[in-house]
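Peer 1: Would you mind keeping the following structure in view while I ask a few things?
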Amino acid sequence: MLSLNMFRLLRNKLLTSALQCSSSHGLQVQSRAAATLHLLHNCLELTYEESPMRFNYMWLRDHCRSESSYNHKTNQRNLDTGSIDLTIRPVDTKLEDDHLLLTWPDGHMSKYKLAWLAENSYERKKQKVVNERILWNSDIYNKANIQSAKWDKFMSCDDELKRFLQNYLLYGVAFVEDVPATVEATEAVALRISLIRETTYGRMWCFTSDHSRGDTAYSQLALDRHTDTSYFHEPCGIQVFHCLKHEGSGGRTLLVDGFYAAEKLRQKSPEYFELLTKVHIHHQYIENTDGHRNHMTAVGPLLEVYPWSTELYMMRYNNYDRSVINTIPHDVVQRWYVAHKELTAELRKPKNELWVKLKPGKVIFIDNWRVLHGRESFTGLRQVCGCYLTRDDVLSTACGLGVHLGS
Ligand SMILES: [Fe+2]
């Protein structure tokens, strides 16, 4: 038992060992993993597999996985975090069989697998990629020669769905072909991977160039590259399009990997990349047509990164829907415009543009947090249906199928 005044440097060393048997050769192989522990005044320092990590004592008590602290059936915390003494320290500590054992002042014992601690440490987390991605320009994408999923297999075979989702998550865009050219079949394809996110446009929407809504999408005009619903506090995660009919010319869909362009900006002008992650600006959607009255506004930066690693996870880029900039002083405004122009120049490089002709039967899924879309102008009747999905639901389906997400 350690007394509290022994919380000066304490060093425990342990060599944990595990035996593995190879029955085919009858050979016993011994592997040994070294773990070292230091108790510092404000944290516990663990070196495991040669990686040093530091754990706050309050965190360790809060993350106890004993039955009384954590419900393993529901994967929810039982412990009332608010009741823990903020100055808590363990009174006893042990390293035993690849586990860390702590005894707390009230006699409660916590047991943590060292591998679990390492996996959940800040030091390990900041080195991990949350979402592995293959960034692309048109050349990279075309050379990857990614096969579209086929409707019948996609609807009936989980392996096909898994392959589709893996491609989708890597590239931010994926196709299903041979889908019947109906709203119902498009809905069924979407429901195969996610709940549908209902918005002001409806659950499943269908549009032509009839100007029925107060949005340029409902015209024959060209649309520059953009992400959708930047005026939502959580922009829609995925966009699904299916061109059901087009009797005319033009109307190709433009796709640009926004993260590819943003990473180019990060390499070239890191200060501008950082500025675009820091400056929050408003986007808005104001509609006042017969039967449709909407006024939505949301605020967020153009580029969103995970603060612990600066990995990009979302881009809001919609010059149509960008609202008044009034969240930054005038001198920052000037720098913001320079940063915006540099990013725009990257996004507009012809070599970064992937042009796709959507046709009946070909459903496209676009990661609306990453891949920008646009279209060229067109003539004639063009009918497109689709819907929005939430990124969370798609990721949940992918996890359930065992799709590899990150490192
Ligand atoms: Fe759009």
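The values are calculated or read from the model by the stated rules, or taken from the named source; none is laboratory data. Nothing here was measured: the structure is a model prediction, and the numbers come from that model. Every residue, glycine as well, gets a Cβ built from its backbone with ideal geometry; the counts of neighbours run over all protein chains shown.
Peer 1: Scan region 381-401 and tell me whether some residue there is loosely packed, with under 15 Cβ neighbours inside 10 Å and either more than 25 Å from the chain's Cα centre (by Cα) or within 16 Å of the ligand (Cβ to nearest atom) (or both).
Peer 2: Yes, that holds for at least one residue.
Peer 1: Still on this structure, please answer the following. Mind checking whether some residue in region 387-399 is polar (S, T, N, Q) and within 23 Å of G251 (Cβ to Cβ)?
Peer 2: No: zero hits.
Peer 1: Can you tell me which residues in region 357-380 are within 11 Å of the ligand (Cβ to nearest atom) and at pLDDT 95 or above?
Peer 2: Matches in region 357-380: I366, N368, L372, H373, G374.
Peer 1: Got a number for residues in region 375-386 being outside any strand (DSSP E or B) and over 23 Å from A261 (Cβ atoms)?
Peer 2: Residues flagged as outside any strand (DSSP E or B) and over 23 Å from A261 (Cβ atoms) within region 375-386 amount to 3.
Peer 1: Still on this model: For region 91-105, which residues satisfy the criterion of being modelled with pLDDT of 95 or more, in a loop (DSSP other than H, G, I, E, B) and loosely packed, with under 15 Cβ neighbours inside 10 Å?
Peer 2: Scanning region 91-105 gives a single hit, P105.
Peer 1: So which of L347, L312 is within 16 Å of the ligand (Cβ to nearest atom) and within 30 Å of S407 (Cα to Cα)?
Peer 2: Sole residue among the options that is within 16 Å of the ligand (Cβ to nearest atom) and within 30 Å of S407 (Cα to Cα): L347.
Peer 1: Right, next: Just checking, how many residues over region 68-98 are among the small types (G, A, S) and either outside the structural domain of A115 (by TED's automatic domain parsing) or closer than 14 Å to M109 by Cβ (or both)?
Peer 2: So the answer is 2.
Peer 1: Here's something else I'd like to know. Can you report the number of residues in region 315-344 which are within 16 Å of the ligand (Cβ to nearest atom) and either over 21 Å from D367 (Cα atoms) or surrounded by fewer than 15 Cβ atoms within 10 Å (Cβ to Cβ) (or both)?
Peer 2: 2
Peer 1: Which numbered condition trips up H41, out of (1) outside any loop (DSSP other than H, G, I, E, B); (2) in contact (Cβ under 8 Å) with a residue 12 or more places away in the chain; (3) not charged (D, E, K, R)?
Peer 2: Here H41 meets the rest and fails (1).
Peer 1: Go through the residues of region 51-61 one by one and say whether even a single one is part of a loop (DSSP other than H, G, I, E, B) and within 29 Å of the chain's Cα centre (by Cα).
Peer 2: The answer is no, given that none of the residues of region 51-61 is part of a loop (DSSP other than H, G, I, E, B) and within 29 Å of the chain's Cα centre (by Cα).
Every residue, every condition in (1) touching a helix residue (DSSP H, G or I) at 6+ places or on another chain (Cβ under 6 Å); (2) assigned by TED's automatic domain parsing to the domain that holds F232; (3) assigned to a strand (DSSP E or B), yes or no:
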position: S309; (1), (2), (3): no, yes, no
position: N318; (1), (2), (3): no, yes, no
position: D331; (1), (2), (3): no, yes, no
position: A339; (1), (2), (3): yes, yes, no
position: T344; (1), (2), (3): no, yes, no
position: P360; (1), (2), (3): no, yes, no
position: H373; (1), (2), (3): no, yes, yes
position: Y388; (1), (2), (3): no, yes, yes
position: D393; (1), (2), (3): no, yes, no
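Peer 1: Further, regarding this structure: Can you name the strands (runs of 3 or more DSSP E) wholly within region 189-288 that have at least 3 residues being within 16 Å of the ligand (Cβ to nearest atom) and closer than 26 Å to F164 by Cβ?
Peer 2: Answer list for region 189-288: 205-207, 238-247, 253-257.
Peer 1: One residue is enough: does region 106-119 have a residue meeting the conditions farther than 30 Å from A35 by Cβ and part of a strand (DSSP E or B)?
Peer 2: The answer is no; no qualifying residue exists.
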